[in-house]
Amino acid sequence: MANISSNTNSQNFKVVLLGEGCVGKTSLLLRYVEDKFNTKHISTNQASFLTKKLNIEGRRVNLSIWDTAGQEKFHALGPIYYRSSNGAILVYDITDVDSFQRIKSWVKELRKMLGTDVCLVIVGNKTDLEKDRNVSIEEAEEYASKVGASHFQTSAKQNEGIEDMFISLTQKMLDRVTEQEQQNNTLNRQNSQRRNVLVVEDDEAPPLPTKHCCGTS
């Protein structure tokens, strides 16, 4: 669940970026938080995070976005970083079918560890390489719908679709918190009503009505 800071009345969410190496996770993060793009490949050797402050419909939100390495040797350490995450962004390269197939493994792992509490977004990155596309939008959207995730197409190079994707995920996490609060309030009311019910057990049967005979005059 998300953490609520009573001092600032803001919502704190942890978001983790997952995906194979070279799909552009770090480029997406740097473009969103710092509006930077490096034409050279940035290799992430360990997990790191950046923060982003948002204001959505009057609600202040602090995002801690964790960037993880995509190398196979890092996969065993993955659960350490995405544990307690409120949202996960699963990134694949639209020119690389294998990177899309790997997304399915991440989804299973996240659902196994976090259940339905985590909000998922599946992202097809590098739309600037549309001519080399090997993963169809229809296939990706069908899979995303099947696992209850949103699907977005992005380009870190051209800064396309990134802000919409992060705002959509943040809205989903806010909605999830609202649902949880409503469920907790309902449960608390039910428990309170149970405590206020006084049950009196009476094993004795009520007496039968007495028959009165009328005298004749």
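No other residue among Glu160, Glu130 is out of contact with any helix residue (DSSP H, G or I) (no Cβ under 8 Å at 6 or more places or on another chain) and surrounded by fewer than 18 Cβ atoms within 10 Å (Cβ to Cβ) apart from Glu130. Would region 22-29 turn up any residue that is under 18 Å from Val123 (Cβ atoms), modelled with pLDDT under 85 and surrounded by 11 or more Cβ atoms within 10 Å (Cβ to Cβ)? No, region 22-29 contains no residue that is under 18 Å from Val123 (Cβ atoms), modelled with pLDDT under 85 and surrounded by 11 or more Cβ atoms within 10 Å (Cβ to Cβ). Does region 91-118 hold any residues that are in a helix (DSSP H, G or I) and open to solvent by 10 Å² or more (accessible area, probe 1.4 Å), and which are they? Result: Val97, Asp98, Gln101, Arg102, Lys104, Ser105, Lys108, Glu109, Arg111, Lys112, Met113, Leu114. Screening Asn134 on (1) polar (S, T, N, Q); (2) at pLDDT 95 or above; (3) in a helix (DSSP H, G or I); (4) over 22 Å from Leu30 (Cα atoms) shows it passes everything except condition (3). Summed over region 137-178, the residues that are closer than 20 Å to Leu30 by Cβ and either acidic (Asp, Glu) or within 13 Å of the chain's Cα centre (by Cα) (or both) give a count of 9.
What about Lys172, is it of a type in the set (Lys, Arg), assigned to a helix (DSSP H, G or I) and within 30 Å of Thr95 (Cβ to Cβ)? Judged against the criteria, Lys172 is a match. Within region 30-59, residues that are within 27 Å of Asp175 (Cα to Cα) and of a type in the set (Ser, Thr, Tyr) sit with their Cβ atoms under 7 Å from residues that are surrounded by 15 or more Cβ atoms within 10 Å (Cβ to Cβ) and modelled with pLDDT of 90 or more, at 6+ positions apart or across chains, in these pairs: Tyr32/Lys52; Tyr32/Ile162; Tyr32/Phe166; Thr51/Asn62; Thr51/Leu63; Thr51/Ser64. Among the residues of region 76-90, those that are in a helix (DSSP H, G or I) and in contact (Cβ under 8 Å) with a residue 40 or more places away in the chain comprise Gly78, Tyr81, Tyr82.
The values are calculated or read from the model by the stated rules, or taken from the named source; none is laboratory data. What you are looking at is a predicted structure, and each value in this text was computed from that prediction instead of being measured. Neighbour counts are summed over all protein chains in view; Cβ atoms, including those assigned to glycine, are modelled from backbone coordinates with ideal geometry. With ligands, DNA and RNA removed, areas are computed over all heavy atoms of the protein, side chains included. Shrake-Rupley method; radii C 1.70, N 1.55, O 1.52, S 1.80 Å.
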